[in-house]
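S.K.: Dropping the structure in here first, questions after.
The values are calculated or read from the model by the stated rules, or taken from the named source; none is laboratory data. This one's a predicted model, so the numbers in the text were calculated from it and none came from an experiment. Backbone-built Cβ (ideal geometry, glycine too); neighbour counts: all protein chains shown.
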Amino acid sequence: MGKTTKNKEETATFLFKNIQQEKQKLIHEKIIMDKKDKHIYPIINIPFIIPDTWLWCYLSDLSIIQEGPGLRKHQYTNHGVQFLTVTNILENSVNLNKSQKYISLEEYNNKYTHFTINKGDIVTACSGASWGKSAIYNLNDNIILNTSTLRLRFFNDLGNNKYLYYLTKTSYFKQNLNSHSTGQQPNYGYSHYSKIPIPLPPLQEQEKIVTLLDEAFLAIEKAKTNAELNLQNAKELFESYLQDVFENHGEGWEEKTLEEICKITSKLIDPKEEQYQNLIHVGAGNIESEKGTLIKLQTAKEENLISGKFLFDSEMVLYSKIRPYLMKVVKCDFKGLCSADIYPLVPAKEHIIQDFLYHLLLSKNFTEYAIEGSQRAGMPKVNRKHLFEYTFNCPPLQEQKTIVKKLNTLQAQTKKLESIYTQKHSDLDELKKSILQKAFNGELL
């Protein structure tokens, strides 16, 4: 059987002509400005091969590209009409609570009504660290664009806007946009977006692509959720057992204070001295919260340390005394230097083993107690006297070893699941990128 011939109305060429006519109509009615892009067709240096029935077109010939007006602080009010900021734009959604800034209703009505975002518009952050994030605006709130945000939409909705939205998620789109960057800080506007070549399929094929991507991404998000749930269950099991250990006590357990079962023996030293230059330095930023693992380690010489540090060795447990980092606890298998914001704690061997002290410092009861004794508004630190007055029920050494064995096993299982989750998350993100690229190459149809 021969190949079915498409109706003229179903071709990308016919669609492109219709979109162009609509653009000219909007320019004539002064709804949009004529930017006089002077694009030359056909596009010669095409980015990649697409089906013969598709067309390469420039974004500004297909879509509205409207930038925000650049409101100034003196225009801000406590209520009125909210304007969109890059903070409001998340990957795949808009959250108006993330940033709430307004101009007066009067000023909006007088100057800015044409910057109103319509339901179904594609909004994107186009400067700063958030550049490239995009979402479909599906809220009913009356809101306008502002600096560093813009909106996209097929002229008169003649194309499938979700097709265009998915296109903004591709590595191709972001890399092409980035290639037009000038200056040190990412900052994009109409002149950059208008130059991006866009693969345009017939409308029916756009709709098929959107359906396929919707289904694929729903499955990917479900897989991510399941992996995250498995990890969360493992964490909860570990935390539940840890909590149970320090809330209950058995025969032979004795009430102890932290001061009775550990101490700080190290004194501040000068890290600039030659004998300390090659020692590894551990700060709160080098300890992964709740994991007991270290990252991005450097020597005192590599960090060019100048302020006083503590010496520590493999028998100690390092505990961050800065309140936002109280769950940063670690044991090290080497001798090194630690920040003055970390306590190097030496366990009293007649009362407690190192691993049990480590888990005690990670427990919920201890953390809540430490927070109660914090002070200073800017970066509150735990009060040392308060910390060492902490009271708990301490089991005999042999029982500590049994408890620690189970805690270490649960923690190792959690870390393994975390590693699996991280890898799976990365693999699924790569799968999304691959599916997106195939979709806009025409390989999914």
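S.K.: Does residue 321 satisfy the condition of being in contact (Cβ under 8 Å) with a residue 60 or more places away in the chain and either in contact with a Lys or Arg (Cβ under 7 Å, 6 or more places away or on another chain) or among the small types (Gly, Ala, Ser) (or both)?
M.R.: Here the answer is yes, as residue 321 does meet what is asked.
S.K.: Something else: Condition first: in contact with a Gly (Cβ under 7 Å, 6 or more places away or on another chain) and closer than 22 Å to residue 205 by Cβ. Can you find one or more residues in segment 52-60 that meet it?
M.R.: Looking through segment 52-60, at least one residue is in contact with a Gly (Cβ under 7 Å, 6 or more places away or on another chain) and closer than 22 Å to residue 205 by Cβ.
S.K.: If you don't mind, there's one more thing I want to ask. Those residues that are of a type in the set (Ser, Thr, Tyr) and closer than 15 Å to residue 117 by Cα, I need them from segment 144-163; list them, please.
M.R.: Narrowing segment 144-163 to residues of a type in the set (Ser, Thr, Tyr): 147-149, 163.
Of everything in segment 144-163, those that are of a type in the set (Ser, Thr, Tyr) and closer than 15 Å to residue 117 by Cα turn out to be 147, 148, 149.
S.K.: So, one more: Quick one: in segment 269-319, which of the residues that are in contact with an Asp or Glu (Cβ under 7 Å, 6 or more places away or on another chain) and at pLDDT 90 or above is nearest to residue 383 (Cα to Cα)? First the steps, then the outcome.
M.R.: Residues of segment 269-319 that are in contact with an Asp or Glu (Cβ under 7 Å, 6 or more places away or on another chain), as a first pass: 281, 284, 295, 308, 314.
Subsequent filtering for residues that are at pLDDT 90 or above retains 281, 295, 314.
Working: 281: 24, 295: 27, 314: 25 Å.
Looking at residues that are in contact with an Asp or Glu (Cβ under 7 Å, 6 or more places away or on another chain) and at pLDDT 90 or above, I get 281.
S.K.: Among the residues of segment 83-114, what is the count of those that are of a type in the set (Val, Ile, Thr) and over 23 Å from the mean Cα position of the chain (by Cα)?
M.R.: Residues that pass the stated criteria total 2.
S.K.: Would a scan of segment 170-184 turn up a residue that is in the same structural domain as residue 48 (by TED's automatic domain parsing), touching a Leu at 6+ places or on another chain (Cβ under 7 Å) and part of a loop (DSSP other than H, G, I, E, B)? Before the answer, list the steps.
M.R.: Taking segment 170-184 as the starting set, the residues that turn out to be in the same structural domain as residue 48 (by TED's automatic domain parsing) are 170-184.
From what is left, the residues that are touching a Leu at 6+ places or on another chain (Cβ under 7 Å) are 170, 173.
Of the ones still in play, those that are also part of a loop (DSSP other than H, G, I, E, B) are 170.
So far as segment 170-184 goes, yes, one or more of its residues are in the same structural domain as residue 48 (by TED's automatic domain parsing), touching a Leu at 6+ places or on another chain (Cβ under 7 Å) and part of a loop (DSSP other than H, G, I, E, B).
S.K.: State which residue is surrounded by the fewest Cβ atoms within 10 Å (Cβ to Cβ) when the search covers only segment 185-231 and only residues that are among the hydroxyl-bearing types (Ser, Thr, Tyr) and assigned to a helix (DSSP H, G or I).
M.R.: Only one residue tops the list, namely 225.
S.K.: Could you grab me the full set of residues in segment 240-280 that are out of contact with any Cys (no Cβ under 7 Å at 6 or more places or on another chain), closer than 24 Å to residue 384 by Cα and in a strand (DSSP E or B)?
M.R.: 255, 257, 262, 263, 268, 269
S.K.: Further question: For residue 354, indicate whether it is within 29 Å of the chain's Cα centre (by Cα) and not basic (Lys, Arg).
M.R.: no
S.K.: Quick one: would you say residue 310 is surrounded by 13 or more Cβ atoms within 10 Å (Cβ to Cβ) and in a helix (DSSP H, G or I)?
M.R.: no
S.K.: Okay, moving on. Being more than 22 Å from residue 268 (Cβ to Cβ), assigned to a helix (DSSP H, G or I) and at pLDDT 90 or above is true for just one of 411, 398. Which residue is that?
M.R.: On the way: 411 fails: at pLDDT 90 or above.
Of the residues listed, the single one that is more than 22 Å from residue 268 (Cβ to Cβ), assigned to a helix (DSSP H, G or I) and at pLDDT 90 or above is 398.
S.K.: Which of the following residues is over 26 Å from residue 201 (Cα atoms) and under 33 Å from the mean Cα position of the chain (by Cα): 70, 120?
M.R.: The match here is 70.
S.K.: Can you tell me how many residues in segment 103-148 are buried (at least 18 other Cβ atoms within 10 Å of the Cβ) and farther than 25 Å from residue 186 by Cα?
M.R.: Residues in segment 103-148 being buried (at least 18 other Cβ atoms within 10 Å of the Cβ) and farther than 25 Å from residue 186 by Cα: 3 in total.
S.K.: Could you check segment 319-344 and list, in sequence order, the residues that are farther than 20 Å from residue 372 by Cα and either among the charged types (D, E, K, R) or outside any loop (DSSP other than H, G, I, E, B) (or both)?
M.R.: If we filter segment 319-344 for residues that are farther than 20 Å from residue 372 by Cα, which is where we start, we get 330-340, 344.
If the condition is that a residue be farther than 20 Å from residue 372 by Cα and either among the charged types (D, E, K, R) or outside any loop (DSSP other than H, G, I, E, B) (or both), then 330, 331, 333, 335, 336, 337, 338, 344 are the ones that fit.
S.K.: Next up: Taking the condition touching a Ser or Thr at 6+ places or on another chain (Cβ under 6 Å), at pLDDT 85 or above and either of a type in the set (Gly, Ala, Ser) or loosely packed, with under 15 Cβ neighbours inside 10 Å (or both), does residue 391 pass? Explain how you work it out, then say what you get.
M.R.: Numbers: touching a Ser or Thr at 6+ places or on another chain (Cβ under 6 Å): yes; at pLDDT 85 or above: yes; either of a type in the set (Gly, Ala, Ser) or loosely packed, with under 15 Cβ neighbours inside 10 Å (or both): yes.
Yes; evaluated as a whole, the condition is true for this residue.
S.K.: Of the residues that sit in segment 228-272 and are touching a Pro at 6+ places or on another chain (Cβ under 7 Å) and of a type in the set (Val, Ile, Thr), which one is nearest to residue 348 (Cα to Cα)?
M.R.: Out of the qualifying residues, it is 261.
S.K.: Show the residue pairs meeting these rules: Cβ distance below 8 Å; 6+ apart or different chains; first residue within segment 140-151 and assigned by TED's automatic domain parsing to the domain that holds residue 105; second residue of a type in the set (Asp, Glu) and buried (at least 19 other Cβ atoms within 10 Å of the Cβ).
M.R.: Filtered contacts from segment 140-151: 145/67; 149/67; 150/67; 151/121.
S.K.: Residue 227 passes all but one of (1) in the same structural domain as residue 60 (by TED's automatic domain parsing); (2) small (Gly, Ala, Ser); (3) in contact with a Lys or Arg (Cβ under 8 Å, 6 or more places away or on another chain); which number fails?
M.R.: (1)
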